[in-house]
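A.B. asks: Please read through the structure below; I'll follow up with questions.
The values are calculated or read from the model by the stated rules, or taken from the named source; none is laboratory data. Predicted model only: the values in this text are computed from it and were never measured. Don't worry about glycine lacking a Cβ; one is built from the backbone with ideal geometry, like all the others, and counts go over all protein chains shown. For the accessible areas, the whole protein counts, side chains as well, though only heavy atoms, and no ligand, DNA or RNA atoms are used. Shrake-Rupley method; radii C 1.70, N 1.55, O 1.52, S 1.80 Å.
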Amino acid sequence: MRAVVHDRYGPPEVLRLEEVERPVPKDDEVLVKVHATTVNRSDCGWRSAKPFITRYFTGLRRPKRRILGSELAGEVEAVGKAVTEFEVGDRVFGINYFGAHAEFVCMPEDRPLAQMPTGMSFEEAATVCDGAILALTCLSKADLREGRSILIYGASGSIGTAAVQLAKYFEADVTAVCNTKNLELVRSLGADRVIDYTQEDFTENGTTYDVVFDAVGKHSFRRCRRSVKPGGIYIETDLGFLWHVPILAFATRRIGDKRVTLPTPNYTKKDVLLLRELIEAGRYRAVVDRSYPLEQVVEATRYVETGQKTGNVVLTVFAA
Ligand SMILES: NC(=O)c1ccc[n+]([C@@H]2O[C@H](COP(=O)([O-])OP(=O)(O)OC[C@H]3O[C@@H](n4cnc5c(N)ncnc54)[C@H](OP(=O)(O)O)[C@@H]3O)[C@@H](O)[C@H]2O)c1
């Protein structure tokens, strides 16, 4: 089968298309024919080995996981003997950490994989799981409900567009911050109000929120703390300069009345099923910026690494 591989860490150009052996499903696995996958920020982190600690998972000197790609949507091509949930021909979507930048990938059936939402294309379904599950993990720390307010900074990214929609699902009052060109999009995702960061600095307007969520790793607790209500919480997605975010998360558990948190992602089937339910109920939608064929993985990756994508970037593998 065709797959995108890399044998050393480095820039997008280390990626190349290669013929590799097609995987064979174990008893508890399904073999998925990948119609669409994505290039996301996690793929870029594994490939570039930044931060350095990622090598702990992928190999100290060179990548042991040659095929990147976490999100996928496709059709079940074969199932192992013990598989009960899926049948050949099922349309599925999910997330698998590695291996999806290929024509076929194997996944244990109990991993975050589910039947695709009805009415959704493979391209859209492929983009659902990463940003939304990361956003769900972050928002789970925020006790969101009616009457609670949240400001989402970086609301136009993969995590940001998901966070706006999910915070509305939890019935919170949502203020979203993004660039001028994305104001309409973010409003259409359900934000109660939007702030254009090129026109207004939200930290200066005196408004405070129960939760401030930096969904793009570009702000800081130091600059945002005045916008967090006493007893409130500041959520980060990145380790920050010199890994100060985990240190702050530890310190603010003991000191002060505003807490910093950096949730660790945990992809579960339960979350994939929740997302499917929300999509089918019309309460969540995928935001796709650009789509590239698998052969253009280097161009797609370069675009993702500009940090300017709106929502998600798709790689099409088998056109539907
Ligand atoms: N904790 C984890 O396990 C984990 C996993 C994956 C990713 N992450 C981190 O999560 C963060 C978000 O990832 P993502 O995939 O959602 O990002 P993304 O989609 O690449 O974010 C891109 C968006 O951010 C906006 N943006 C860029 N600079 C901005 C700024 N200074 N202020 C406000 N908005 C800005 C861009 O719009 P404009 O430039 O047009 O405003 C663009 O729409 C990243 O920092 C990533 O490293 C964490």
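A.B. asks: Tally time: how many residues in the range 22-73 are in contact with a Leu (Cβ under 8 Å, 6 or more places away or on another chain) and either modelled with pLDDT under 95 or of a type in the set (Asp, Glu) (or both)?
C.D. replies: Counting residues in the range 22-73 that are in contact with a Leu (Cβ under 8 Å, 6 or more places away or on another chain) and either modelled with pLDDT under 95 or of a type in the set (Asp, Glu) (or both) gives 2.
A.B. asks: So, in the range 123-175, of the ones that are more than 17 Å from ASP271 (Cα to Cα) and among the β-branched types (Val, Ile, Thr), which residue ends up surrounded by the fewest Cβ atoms within 10 Å (Cβ to Cβ)?
C.D. replies: Among residues in the range 123-175 that are more than 17 Å from ASP271 (Cα to Cα) and among the β-branched types (Val, Ile, Thr), the one surrounded by the fewest Cβ atoms within 10 Å (Cβ to Cβ) is THR175.
A.B. asks: Looking at (1) at positive phi; (2) open to solvent by 40 Å² or more (accessible area, probe 1.4 Å), which one does ALA49 not meet, given that it meets all the others?
C.D. replies: (2)
A.B. asks: OK, next. Residue check: is GLU103 surrounded by fewer than 24 Cβ atoms within 10 Å (Cβ to Cβ) and either at pLDDT 95 or above or farther than 25 Å from ILE159 by Cα (or both)?
C.D. replies: yes
A.B. asks: Moving on to the next point. Residue by residue through the range 207-262, note down the ones that are among the acidic types (Asp, Glu), under 20 Å from ALA191 (Cα atoms) and within 21 Å of the chain's Cα centre (by Cα).
C.D. replies: Start the filter on the range 207-262 by keeping residues that are among the acidic types (Asp, Glu), which leaves 210, 214, 236, 238, 257.
Checking which are under 20 Å from ALA191 (Cα atoms) leaves us with 210, 214, 236.
Those that are among the acidic types (Asp, Glu), under 20 Å from ALA191 (Cα atoms) and within 21 Å of the chain's Cα centre (by Cα): ASP214, GLU236.
A.B. asks: Turning to a different aspect of this structure: Residue by residue through the range 225-250, note down the ones that are in contact with a strand residue (DSSP E or B) (Cβ under 8 Å, 6 or more places away or on another chain) and aliphatic (A, V, I, L, M).
C.D. replies: If the condition is that a residue be in contact with a strand residue (DSSP E or B) (Cβ under 8 Å, 6 or more places away or on another chain) and aliphatic (A, V, I, L, M), then VAL228, ILE233, ILE235, VAL245, LEU248, ALA249 are the ones that fit.
A.B. asks: Picking from VAL83, VAL92, VAL76, which residue would you name as being open to solvent by less than 10 Å² (accessible area, probe 1.4 Å), more than 21 Å from the chain's Cα centre (by Cα) and modelled with pLDDT of 95 or more?
C.D. replies: VAL76
A.B. asks: May I pose another question? Of the residues ALA251, ALA319, ALA300, ALA286, which single one is more than 12 Å from the ligand (Cβ to nearest atom) and farther than 29 Å from ARG47 by Cβ? Please lay out each step first, then the result.
C.D. replies: On the way: ALA319 fails: farther than 29 Å from ARG47 by Cβ; ALA300 fails: farther than 29 Å from ARG47 by Cβ; ALA286 fails: farther than 29 Å from ARG47 by Cβ.
Just one listed residue meets the conditions, ALA251.
A.B. asks: Please work out if TYR169 is of a type in the set (Ser, Thr, Tyr) and away from the ligand (no atom under 12 Å from the Cβ). Talk me through it step by step, then tell me what you get.
C.D. replies: On the way: of a type in the set (Ser, Thr, Tyr): yes; away from the ligand (no atom under 12 Å from the Cβ): yes.
The answer is yes for TYR169.
A.B. asks: Considering the range 26-46 alone, what residues qualify as being open to solvent by less than 10 Å² (accessible area, probe 1.4 Å) and either within 20 Å of GLU75 (Cβ to Cβ) or part of a strand (DSSP E or B) (or both)?
C.D. replies: Matches in the range 26-46: VAL30, LEU31, VAL32, VAL34, ALA36, THR37, THR38.
A.B. asks: Within the range 56-66, how many residues are open to solvent by 50 Å² or more (accessible area, probe 1.4 Å) and closer than 21 Å to VAL4 by Cβ? Steps first, answer last, please.
C.D. replies: Residues of the range 56-66 open to solvent by 50 Å² or more (accessible area, probe 1.4 Å): 56-57, 60-62, 64-66.
Cutting the leftovers down to closer than 21 Å to VAL4 by Cβ gives us 57, 61-62, 64-66.
The total comes to 6.
A.B. asks: What is the number of the single condition among (1) under 16 Å from the mean Cα position of the chain (by Cα); (2) surrounded by fewer than 23 Cβ atoms within 10 Å (Cβ to Cβ); (3) part of a loop (DSSP other than H, G, I, E, B) that GLY69 does not meet?
C.D. replies: (2)
A.B. asks: Shifting gears a bit: Considering only residues that are within 16 Å of the ligand (Cβ to nearest atom) and touching a residue at least 12 places away in the same chain (Cβ under 8 Å), which ones fall in the range 194-208?
C.D. replies: VAL194, ILE195, ASP196, TYR197, THR198, GLN199, PHE202, THR203
A.B. asks: Among the residues of the range 229-238, write down those that are open to solvent by 50 Å² or more (accessible area, probe 1.4 Å) and within 14 Å of the ligand (Cβ to nearest atom).
C.D. replies: Step one: list which residues in the range 229-238 are open to solvent by 50 Å² or more (accessible area, probe 1.4 Å), which gives 229-231, 238.
Result: ASP238, single match.
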